[in-house]
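The structure appears below as structure tokens.
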Amino acid sequence: MLDILPNIPLFENLDPAQIALLKPLFEQFIRPANTTIFEQGEPASYLYLLIKGEVIIRFKPYDTPPITLTRLRAGDVFGWSAVLGSTHYTSSLVSETEIETIRIRGSHLLALVRDHPETGKIIMDRLANVVSSRWKNARTQVQALLNSTNQDKRE
């Protein structure tokens, strides 16, 4: 399964030596439908790349029921808290279908960035682009849902 690494957008156009650095850091992770991959608040350990299937990202505000933020499909990345400075996952993730992913420990990716800065910079820049666009969308969705909930409480 790790032979597909060069075909994943996050790793496209990396040279074979860079791919060789990455391959041993990843592991295959497969789960059936309706499986919680991680819960909001759990320690953030892994970054996942979804190869096959669909997952749901859920966020639980303090005083309301969980909100489904989005569905992710093959090619998407999740669990970025593991590499972007958060010690805990900021949302929950549940498989909607059987999923096939590859995952990397956040600490291993950060070590790669430290030890191989050229390769690390490419990957972190690409990851930041993926994360920033989805974060903007997620923040907008959460705010709209919270505003709606607050409006309902006032009525």
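The values are calculated or read from the model by the stated rules, or taken from the named source; none is laboratory data. This structure is a prediction, so every number in the text was calculated from the model and none was measured. Cβ placement follows ideal geometry from the backbone for every residue including glycine, while neighbour counts extend to all protein chains displayed.
Here Gly75 passes the criteria (1) buried (at least 16 other Cβ atoms within 10 Å of the Cβ); (2) within 11 Å of the chain's Cα centre (by Cα) except the one numbered (1). State yes or no: is Thr64 hydroxyl-bearing (Ser, Thr, Tyr), surrounded by 13 or more Cβ atoms within 10 Å (Cβ to Cβ) and in contact with a strand residue (DSSP E or B) (Cβ under 9 Å, 6 or more places away or on another chain)? Here the answer is no, as Thr64 does not meet what is asked. Taking only region 29-48 into account, find how many residues are part of a strand (DSSP E or B), of a type outside the set (S, T, N, Q) and either in contact with a Leu (Cβ under 8 Å, 6 or more places away or on another chain) or free of Cβ contacts under 8 Å to residues at least 60 places away in the same chain (or both). Residues meeting the conditions: 5. Looking only at residues in region 79-91 that are in contact (Cβ under 8 Å) with a residue 40 or more places away in the chain and either closer than 21 Å to Ile8 by Cα or polar (S, T, N, Q) (or both), the one that is surrounded by the fewest Cβ atoms within 10 Å (Cβ to Cβ) is Thr87.
Scanning region 10-24 for residues that are closer than 18 Å to Ala128 by Cα, assigned to a helix (DSSP H, G or I) and touching a Lys or Arg at 6+ places or on another chain (Cβ under 9 Å) turns up at least one hit.
When Lys153, Lys136, Lys121 are screened for being over 17 Å from the mean Cα position of the chain (by Cα), at pLDDT below 85 and not in a strand (DSSP E or B), only Lys153 passes. Listed conditions (1) outside any strand (DSSP E or B); (2) modelled with pLDDT of 90 or more; (3) on the phi < 0 side of the Ramachandran plot are all met by Ile56, apart from (1).
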